Structure formats: structure tokens, C-alpha cells
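The values are calculated or read from the model by the stated rules, or taken from the named source; none is laboratory data. Owing to the predicted nature of the structure, the values given are computational and were not obtained by experimental measurement. All Cβ positions, glycine included, derive from the backbone under ideal geometry; neighbour counts span all protein chains shown.
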Amino acid sequence: MRTMPQNSSSGQVLAGVGRQNARTRAEQLAAALDDRIRSRGLAPGEPVGTLESLRAETGLAYATVSEAVRLLRDRGVLEIRPGRGGGLFVADPGPVVRLRHTLLSVAEEPGTVADAIELRDHLEELIDVGAARCRTAEDVADLRGLLEHLRTAPDWDAFMRANWALHERIAAISPNAMARAVYIGTLGHLGAASSRFDDDTAAADYRAGRYQVHADLVEAIADGDEAAVRAAVARHNTTT
């Protein structure tokens, strides 16, 4: 199996995965691999390595590497080719993937966070109603599990990570691929720019209120109740 050539800087990026707490290790690795592909300008069909080569390079568990690869496959960044000569290859990006990369490229522009909030709010109902129409029992179980992570988050950073993870999982259910790509792109900007509370009491009150809004939204999606979804979205967007 062919592996992607390495240099010291890219190896250090992947080797550093897992030493941060802002995202899960799988998410960190997925972001590092995506950045490596884009920074090197790798073309569709070029090799990125194998699960085993990435595991050896990063020292991460096989399950973590597999999850990172799954994330990139689902986002249209990687293609998995089985069998002899197989491995991980750069996928041929469709318009949705190109749109996601365009969103990532404007992350440092002034006003990006405000723009992301406005765009996210406009897409929220479309995404969530789509999820209510297409959810499966497995989807609902996942959403309730993520909601529990939101409820039991031990601190502010964990609460915000659980919040973004829940919204990304809801978006994954939506059948509108273009809206999903834009929406998840806005979550990347908002997740990187999450504010903090200096007042612990205010933070606890805010978290309790936000948890309930998300609980109502998840149950409305689970019930397939589009009117309840729209009402939950209205509360969500006016209490952000």
C-alpha cells in the first residue's frame, strides 16, 4: 500500500494530535489531515496513507484513527479503497466539499463570527425540519446520547463541545447536502470563537436554559413534529 510522503512539519502536526482539549482526538486528527491535504495541494486520487500508517505516525488508537477517517470520508475529503494497493486517497471534491473549503478560508476575516451566526440562524429551521422528516431510531438514540453529554458536561468548554457535536449530528440527518455543508461550516467558525462566562452563577443559569432548549428540539425531532421543531428553533435562535 502506498503512503503519503511525510515531512517534519506535517509529521509534527499529526504527532501533536491529542494534546489539546478543544475537540475530540478524532476531530483533531481529521482537521490535521484535512489541513495537510489542502496545504500540500494534493490532487484527487493521490494517496494519504493507510489506517495503520496513520496509527503508527500519531500513536493514537485504531478506533480514533478510524473515526477521523470516517469523518473525512463523510465530508467528501477522503476516499477509502479496499484490497491490494488500497488505502486512503484524496477524494474528487464535488461542489459541496469545495463550498466547505471556501467557508474555512474566510475564517480570519473581520465579521466572520457575526456572519456565521446570522447564516446559521437562517439555516437552523431548514436543517432541523429536515432532520425531523428523515430521522431514524438510530439517529434519535444518538441525539439523546449527545444531549446527555450536554447535560452532564463538567465545565464550560465541555458544554460548548457537546453543543456543537449535537448540532453537527442533527445536520448529518438533514437530506439537503448543500445546506448541511454550509451549516456545518458555520459551526466551525462558532466553535472556534465560543465566548466564556466569568460569572459561574450566570454560566450555570445559561447552561440550564440552553440545555432545555436543546432537549425540546431533540424531542421535537424525535417525534417528527415539525411545528414543535419550528417553535424550538425560534427559542433557540432568540436565546443564543
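Some values worked out for this structure:
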read-out	value
Flag if Gln28 is at pLDDT 85 or above, within 20 Å of Ala162 (Cβ to Cβ) and within 22 Å of the chain's Cα centre (by Cα)	yes
Breaking point among (1) surrounded by fewer than 19 Cβ atoms within 10 Å (Cβ to Cβ); (2) at pLDDT 90 or above, for Leu60	(1)
First in the range 30-49 and free of Cβ contacts under 8 Å to residues at least 60 places away in the same chain, second anywhere and charged (D, E, K, R), Cβ under 6 Å, 6 or more apart	Pro44/Asp92; Pro47/Arg2
Odd one out for Arg55 among (1) closer than 25 Å to Gly185 by Cα; (2) free of Cβ contacts under 8 Å to residues at least 12 places away in the same chain	(1)
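Okay, residues lined up against (1) surrounded by 13 or more Cβ atoms within 10 Å (Cβ to Cβ); (2) over 30 Å from Asp225 (Cα atoms); (3) touching an Asp or Glu at 6+ places or on another chain (Cβ under 7 Å); (4) modelled with pLDDT under 80:
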{"site": "Gly83", "(1), (2), (3), (4)": "no, yes, no, yes"}
{"site": "Pro110", "(1), (2), (3), (4)": "no, yes, no, yes"}
{"site": "Asp115", "(1), (2), (3), (4)": "yes, no, no, yes"}
{"site": "Asp139", "(1), (2), (3), (4)": "yes, no, no, no"}
